[in-house]
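Here the structure comes first, spelled out in structure tokens, and everything after it is commentary.
The values are calculated or read from the model by the stated rules, or taken from the named source; none is laboratory data. Computed from a prediction, not measured in an experiment: that's the story for all the values here. Note: ideal-geometry Cβ built from the backbone for every residue, glycine included; neighbour counts use all protein chains shown. Keep in mind that these areas ignore ligands, DNA and RNA; they rest on the heavy atoms of the full protein, side chains included. Shrake-Rupley method; radii C 1.70, N 1.55, O 1.52, S 1.80 Å.
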Amino acid sequence: MTNSPKKIAILGATGSIGQSTLEVISGSPEHFQAYALTAHHSLGKLVELAKTFRPRYIVATDPIAAKAFDWSEVPADTELIIGHEAVKQVVSDSEVDTVVSAIVGRAGLEGTWAALEAGKRVALANKETLVLAGSLAMQLVNKHGGEILPIDSEHSAVFQGLEAGRKQDVARIILTASGGPFRNHTLNQLKEVTVEQALDHPTWDMGPKITIDSATMMNKALEIIEARWLFDIPANQIDVVVHPQSIIHSFVEYIDGSVMAQLSPPDMKLPIQYALSYPERRPSPASKLDFTQSMSLEFETPDMERFPALLLGKEVAERGGTTGAVLNAANEAAVASFLDNKIRFLDIVTASRAALDNHNFESNPTLDRLLELDVWARREVSQWIACC
Ligand code: NAD
Ligand code: MG
């Protein structure tokens, strides 16, 4: 018996994760089919993807950009839909098997949410949804019978490490971090970092927001929070180790001292394919480790003084409630301001800390309340920038 290919909706198809997902699909057309693709601004690229992959739907989420664009080259068998609401429509389409959530930032929440409400498998790159509303998102998974499979390489590694034992026998998980481009910078050097330097990551080629997050190590902070909700594991059982080669993508340590690690060259196509094909494994277009070449694997303790974002990650993973929404929004606003040359590199984390400290904590917020706080925290960062 032959199974028909799984139909995949890719939210954020023109981005770095979107492109890698399409490479995975190209490598296994008998297993995967691009069914719906969304994009915000790169509309020319979206049309090119439509010509190559012939999806059933393409979605242009920014209505202003979409109205100004010439769509005459969209293939006749692909339907164009415009606006954010269309994302909800395509993810809940009964034909869709898996939704790849790869829109960057808070903008990825609605599509992820609608997919979980429709009980779909979500291959999750958009960690910000779990940072913002992880507790509620996991409740949605349970309520509607969907699932979240991580695309984030660290969480994919942990997910794989957890297959080796029982949940109650896990002592801790240890997320690896490349340390980013400024691993060896002094505090004084960090003060002078430019946008161009921060956008130049040593081991991963990613979109601009996550590249800045990696440089401040806020990415690892967000990943601590992501792990806390995704694996339902307390913050005091989540550690971080700096591993500059990005070969080991994370560890799971069991109570007997055994440590499970997942290794591969840094290439997102591997965790993406695993999330799409789980529980099966298939040959993948990702590059393989070559053990005939000498390789060294180094580990360092992260420096909380130079990278205080990690303390924020720990704190938010511990406190939960409204803290994730505030940290996520403050960081997003601060990163955008840094990319606009309005604040300096170290200000990103300082402004995020100020927003977190100024907010009124609530332990059991609704999604509406979290989204209000998202707006509040962005304003708070604007005020911080105006006054400091
Ligand atoms: P990117 O900037 O390359 O792509 C972002 C995508 O989102 C684009 O398709 C863009 O059109 C779309 N988009 C942007 N703003 C939007 C909006 N307001 N509404 C709708 N769509 C919008 O980003 P990326 O590096 O692919 O990262 C995407 C997500 O994956 C992020 O949450 C990131 O943290 C996560 N992630 C990325 C990597 C990586 O290697 N790039 C690794 C792990 C996790
Ligand atoms: Mg990661």
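Rounded to the nearest 500, the helix-only mean residue ellipticity at 222 nm of the chain stands at -13500 deg cm²/dmol, with each DSSP H run of n ≥ 4 adding -39,500 (n - 2.57). Among 43-51, 171-179, sorting by the average number of other beta carbon atoms lying within 10 angstrom of each residue, highest first, gives 171-179, 43-51.
The charge dipole of the chain, taken about its Cα centre with unit charges on the Cβ of Lys, Arg, Asp and Glu (plus for the first two, minus for the last two), comes to roughly 240 debye. Using the 1.4 Å probe convention, the accessible area of the chain works out to 43 Å² per residue with neighbouring protein chains retained. Here the convex hull built on the C-alpha positions of the chain has a volume of 153 cubic angstrom per residue. Between 222, 245, 188, the Cα set farthest toward the positive side of the dipole of region 163-258 (charges on each charged residue's Cβ, about the Cα centre) is that of 188. Diffusion coefficient of region 124-277 by Stokes-Einstein, Kirkwood radius over Cα pairs, 37 °C, 0.692 mPa s: 202 µm²/s. Please give every one of the lysines within straight-line cross-link reach of residue 288, meaning a C-alpha to C-alpha distance under 24 Å, and leave out same-chain neighbours fewer than 8 residues apart. Leaving aside lysines fewer than 8 places away in the same chain, those within reach of residue 288 are 269. The relative contact order of the chain comes to 15 percent, based on Cα pairs under 8 Å that sit 6 or more residues apart.
Entry for region 321-388 at q = 0.16, 0.25, 0.26 Å⁻¹: log10 I(q)/I(0) = -0.46, -0.99, -1.05, Debye formula applied to identical alpha-carbon scatterers, no solvent contribution. Close amide H pairs (under 5 Å, H built 1.01 Å from N) link residue 148 with 122, residues at least 5 positions away or on another chain. Over all pairs of different C-alpha atoms, region 6-150 has a mean inverse distance whose reciprocal, the Kirkwood radius, equals 14.9 Å.
The distance separating the Cα centre of region 1-44 from that of region 320-388 comes to 33 Å. Heavy-atom surface analysis with a 1.4 Å probe gives the chain a carbon and sulfur content of 50 percent of its accessible area. The alpha-carbon of residue 220 sits under 17 angstrom from the alpha-carbons of these lysines, leaving out residues fewer than 8 places away in its chain: 127, 209, 314. Protection proxy ranking for 25-35, 74-84, using the average of other Cβ atoms within 10 Å per residue and placing the highest first: 25-35, 74-84.
In a fully extended conformation the segment linking residue 387 and residue 368 would gain 3.9 nm over its present Cα-Cα distance, using 0.36 nm per residue. Per-residue packing, averaged as other Cβ atoms within 10 Å, sorts the ranges 242-250, 150-158 into the order 150-158, 242-250, beginning with the highest. Summary value for region 6-150: 22 percent relative contact order, contacts being C-alpha pairs under 8 angstrom separated by 6+ residues.
Sequence-distant contacts, meaning Cα pairs under 8 Å at least 6 residues apart, place the relative contact order of region 274-388 at 28 percent. Of the residues 208, 38, 4, the one whose Cα sits farthest towards the positive end of the charge dipole of the chain is 4 (charges of +1 on Lys and Arg Cβ, -1 on Asp and Glu Cβ, taken about the Cα centre).
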